[in-house]
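Below is one structure, written out as structure tokens; comments come after it.
The values are calculated or read from the model by the stated rules, or taken from the named source; none is laboratory data. In this text, all values refer to a predicted model and were calculated from it rather than measured experimentally. Cβ coordinates were reconstructed from backbone atoms using ideal geometry, including for glycine residues, and neighbour counts include every protein chain displayed. Calculation scope for accessible area: heavy atoms of the full protein, side chains included, ligands and nucleic acids excluded. Shrake-Rupley method; radii C 1.70, N 1.55, O 1.52, S 1.80 Å.
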Amino acid sequence: MPHPNTPSAPATTSAPAPPPDLDAVLRPQWLGLAALLFAGLDGPQPMKPGEVSPLALMAQVMTATAPCDMSPDELAAWLLVDDAPPEPMAARDGDEGPLRRLRASTRLALLRLCAGLVTLARAAEMIRPGAITLIEGLPAASLAEVTRILTADLLPLAQGRSAPANQPPDPAQAPQILTPHISDGEIVRGDVARLERKLAEVIDGAAPVLVLLPAGTMPPPGLLAVAPARLVVPPLDRAMLLRLFTATHPAKTRRHAKTIAATLPPDDRLAAIPELALLAALRHPDPRVAARHLADRQDRFDGPRLDDLPDTPAARAARALIADLAAWREGRATWDEIPHSLLLSGPAGTGKSYIARAMASAPGVRFVCGSFSEWQAAGHLGDMLKAMSACFAEAMAAAPCVLFIDEIDAAGSRFGGDTHGVSYRRQVMNGFLLAVDQLNLAGGVILIGACNDPATLDPAILRPGRFDRHVEVPLPDRAAIAQVLRQALGARVDAAGIEALARRLLGASLAAVDALVRSAKS
């Protein structure tokens with residue numbers, strides 16, 4: 001019975017144009033380290049006659065990374081051969097055999113770790129006597145399994161490489177690995193602070209210490225003070241997906257590596273695809289189809305786009321923030337050199353959330369939304385603060401992203417005239433300000449706040465560094481309404497009709513205009 005996602009007709013035989021950095025995708029610098037790790041985890045992969053990669057390619061990998069204690073055949077299984085002409089998608093490539101025993105999410109987390117280390121020498125540096133290393137950005141759901149493999153497989157490889165010949169390892173120098181407790185995919189409340197106390201217990205010894213923090217977790221200040229070595233694992237990219245396909249579908253991947261690499265979306269858009277959507281696409285038995293699904297998935301954006309926004313002060317501020325975020329991602333600016341927050345104020349329906357969602361239409365930028373009323377609906381004060389922290393953690397894990405906080409004025413001020421519930425408001429506002437400060441230190445998240453009346457906000461929210469800029473969003477004028485109508489209706493209505501509609505809608509909010517257009521289309 002055919003797979004439900006298998007195309008009914010053969011796909012075109014013409015392969016996409018190879019990307020200019022195809023060689024880096026096929027043979028990344030960290031390939032030797034990953035090959036060494038997974039050779040032990042997966043065992044030797046079956047090879048067919050003629051599938052062994054040329055020795056010249058192996059030489060490139062061995063030169064680019066630390067030497068690997070692997071036979072040529074073992075390393076050849078990790079290099080890709082793509083000399084076959086393109087074939088219809090429905091063509092059979094032979095039986096692949098069972099999937100490897102590692103879950104796809106765990107394998108991808110390990111590949112990201114290898115990409116951050118690059119060489120075995122970097123791993124050996126982490127376990128030298130007295131070293132303290134902070135590893136950040138691994139998925140919380142995979143943290144326990146990655147920690148187990150790090151302890152049982154990767155670090156012993158590094159120890160064997162750095163230790164003198166015929167000298168057994170010293171048990172007193174065994175690496176100490178500290179991780180927070182994870183429950184239902186989230187860190188147990190208060191457990192990051194426990195890491196500081198645990199670190200204080202082991203720091204007196206000479207044994208190396210590795211602290212693993214999952215994505216979306218801000219390191220406590222005390223930990224940063226004693227851990228100058230920080231490794232932030234890079235996001236998912238095409239090279240990592242090719243290594244995953246090599247393990248799960250070796251024959252198809254080696255035969256069509258260039259086609260798969262050219263079909264996959266660019267790295268920035270690939271990193272922005274939600275994990276569930278990514279794992280769902282990876283279930284397909286043909287990696288070419290999985291790559292095509294991911295390429296289709298990255299183009300799905302149903303909300304407004306930055307180019308659709310009328311030319312207003314708020315829109316210009318939003319475009320400037322996204323341009324600065326792009327400069328940071330490309331290494332042209334550091335995080336502390338760019339503004340990364342914006343407060344929008346104005347009557348309900350003027351388009352504050354519309355602007356924030358449009359910012360998330362930029363390539364590779366995700367969108368996370370929260371509000372004080374939503375957090376307060378979670379329950380008592382502890383539940384409310386936990387919901388708030390989870391929202392900020394989700395944004396940090398999704399970086400680069402836009403975090404939109406609606407109804408900020410719903411929290412009230414610690415210094416207002418109403419004394420009822422002042423203790424509650426003080427704790428809520430203190431928790432919010434701390435979360436904003438941690439977000440600014442983490443980097444990669446543009447914070448957009450929205451409120452109706454900025455005069456009711458706590459003064460600390462308006463302080464520079466919390467929200468770098470404040471822009472009022474009034475009701476749109478006739479030109480702004482006309483621009484929105486042109487973007488939404490296109491050629492369905494002529495220019496005279498657009499102008500007539502804009503005059504009739506003058507005084508309406510952007511939300512009302514958007515609702516009217518959707519109703520008309522329906």
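The residues on offer are Leu475, Leu510, and the sole one that is within 19 Å of Ala318 (Cα to Cα), open to solvent by 40 Å² or more (accessible area, probe 1.4 Å) and among the hydrophobic types (A, V, I, L, M, F, W, C) is Leu475.
For the range 320-368, filtered to residues that are more than 20 Å from Pro266 (Cα to Cα) and among the aromatic types (Phe, Trp, Tyr), the residue that is surrounded by the most Cβ atoms within 10 Å (Cβ to Cβ) is Tyr354.
Sort out which residues of the range 223-257 are farther than 18 Å from Gly443 by Cβ, in a loop (DSSP other than H, G, I, E, B) and open to solvent by 30 Å² or more (accessible area, probe 1.4 Å), and write them in order of number. The answer is Asp237, and nothing else. If you go through the range 401-411 and pick out every residue that is of a type outside the set (A, V, I, L, M, F, W, C) and at pLDDT 85 or above, you end up with 2.
With respect to Pro180, determine if the residue is over 17 Å from Leu113 (Cα atoms), modelled with pLDDT of 60 or more and not in a helix (DSSP H, G or I). Answer is yes for this residue.
Taking the residues in the range 301-351 that are of a type in the set (Val, Ile, Thr) and without any contact (Cβ under 8 Å) to a residue 24 or more places away in the chain as candidates, determine which candidate is farthest from Asn452 (Cα to Cα).
Taking the candidates together, the pick is Thr334.
So, Arg288, is that one in a helix (DSSP H, G or I), of a type in the set (Lys, Arg), buried (at least 20 other Cβ atoms within 10 Å of the Cβ) and over 16 Å from the mean Cα position of the chain (by Cα) or not?
Judged against the criteria, Arg288 is a match.
Which one is surrounded by the fewest Cβ atoms within 10 Å (Cβ to Cβ) among residues in the range 105-142 that are more than 20 Å from the chain's Cα centre (by Cα) and assigned to a strand (DSSP E or B)?
Here is the first cut: in the range 105-142, the ones more than 20 Å from the chain's Cα centre (by Cα) are 119-133.
Now restrict to residues that are assigned to a strand (DSSP E or B): 132-133.
Working: Ile132: 19, Thr133: 21.
Out of the qualifying residues, it is Ile132.
Residue-wise test of (1) at negative phi; (2) surrounded by fewer than 16 Cβ atoms within 10 Å (Cβ to Cβ); (3) assigned to a loop (DSSP other than H, G, I, E, B); (4) in contact (Cβ under 8 Å) with a residue 60 or more places away in the chain.
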| site | (1), (2), (3), (4) |
| --- | --- |
| Pro464 | yes, yes, yes, no |
| Ala480 | yes, no, no, yes |
| Gln483 | yes, no, no, yes |
| Leu489 | yes, no, no, no |
| Ala496 | yes, yes, no, no |
| Ala500 | yes, yes, no, no |
| Arg504 | yes, yes, no, no |
| Ser519 | yes, yes, no, no |
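Just checking, how many residues over the range 375-384 are touching a helix residue (DSSP H, G or I) at 6+ places or on another chain (Cβ under 7 Å), surrounded by fewer than 18 Cβ atoms within 10 Å (Cβ to Cβ) and either acidic (Asp, Glu) or in contact (Cβ under 8 Å) with a residue 12 or more places away in the chain (or both)? Full working, then the answer.
The initial filter retains those residues of the range 375-384 that are touching a helix residue (DSSP H, G or I) at 6+ places or on another chain (Cβ under 7 Å), namely 375-376, 378, 381, 384.
Keeping just the survivors that are surrounded by fewer than 18 Cβ atoms within 10 Å (Cβ to Cβ) gives 378, 381.
Remaining after also requiring either acidic (Asp, Glu) or in contact (Cβ under 8 Å) with a residue 12 or more places away in the chain (or both): 381.
Residues flagged as touching a helix residue (DSSP H, G or I) at 6+ places or on another chain (Cβ under 7 Å), surrounded by fewer than 18 Cβ atoms within 10 Å (Cβ to Cβ) and either acidic (Asp, Glu) or in contact (Cβ under 8 Å) with a residue 12 or more places away in the chain (or both) within the range 375-384 amount to 1.
Results for (1) at pLDDT below 80; (2) part of a loop (DSSP other than H, G, I, E, B), shown as yes or no for each residue.
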position	(1), (2)
Ala144	no, no
Thr147	no, no
Asp153	no, no
Ala172	yes, no
Arg189	yes, yes
Glu196	yes, no
Leu199	no, no
Gly205	yes, yes
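Does the range 294-307 contain any residue that is among the hydrophobic types (A, V, I, L, M, F, W, C) and more than 21 Å from Cys369 (Cα to Cα)? Scanning the range 294-307 turns up at least one residue that is among the hydrophobic types (A, V, I, L, M, F, W, C) and more than 21 Å from Cys369 (Cα to Cα).
Just a yes or no: is a residue in the range 454-462 touching a residue at least 60 places away in the same chain (Cβ under 8 Å), within 15 Å of Ile405 (Cα to Cα) and assigned to a helix (DSSP H, G or I)? Step through it out loud before you land on a result.
First, the residues of the range 454-462 that are touching a residue at least 60 places away in the same chain (Cβ under 8 Å): 454, 461-462.
Of the ones still in play, those that are also within 15 Å of Ile405 (Cα to Cα) are 454, 461-462.
Narrowing further to those that are assigned to a helix (DSSP H, G or I): 454.
Scanning the range 454-462 turns up at least one residue that is touching a residue at least 60 places away in the same chain (Cβ under 8 Å), within 15 Å of Ile405 (Cα to Cα) and assigned to a helix (DSSP H, G or I).
Checking each residue in the range 258-276 for being in a helix (DSSP H, G or I), among the hydrophobic types (A, V, I, L, M, F, W, C) and modelled with pLDDT under 85 picks out Leu270, Ala271, Leu276. The sole residue among Ala262, Ala295, Ala277, Ala272 that is hydrophobic (A, V, I, L, M, F, W, C) and in contact with a strand residue (DSSP E or B) (Cβ under 8 Å, 6 or more places away or on another chain) is Ala272.
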